[in-house]
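The values are calculated or read from the model by the stated rules, or taken from the named source; none is laboratory data. What you see is a predicted model, and the numbers here were worked out from it, not measured in a lab. Don't worry about glycine lacking a Cβ; one is built from the backbone with ideal geometry, like all the others, and counts go over all protein chains shown.
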């Protein structure tokens, strides 16, 4: 039985990459506006909705940086 590679700890870059979506969504006073609207949807709503897939991209990047390839996770 082979010994699996250990998962690396989060570095400063990974913490920053994970914090960006949190700060972008939680900083409500910066995007609490109606204009510009996109397809009739106020800026407030589409700003939050756009961060759902973008957050997934950030999490996937950090995952690829931390978990070694072929670890099975």
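Which members of the stretch 10-34 meet the condition of being surrounded by fewer than 12 Cβ atoms within 10 Å (Cβ to Cβ), in contact with a helix residue (DSSP H, G or I) (Cβ under 8 Å, 6 or more places away or on another chain) and at pLDDT 85 or above?
13
With the requirement that a residue be without any contact (Cβ under 8 Å) to a residue 12 or more places away in the chain and farther than 19 Å from residue 22 by Cβ, what does the stretch 57-69 give you?
Matches in the stretch 57-69: 64, 69.
Read through the list (1) modelled with pLDDT of 85 or more; (2) assigned to a loop (DSSP other than H, G, I, E, B), then give the number of the only condition that residue 61 fails.
For residue 61, the exception is condition (2).
Identify all residues within the stretch 8-56 that are assigned to a helix (DSSP H, G or I), under 22 Å from residue 68 (Cα atoms), in contact (Cβ under 8 Å) with a residue 12 or more places away in the chain and more than 10 Å from the chain's Cα centre (by Cα); write none if there are none.
The answer is 13, 14.
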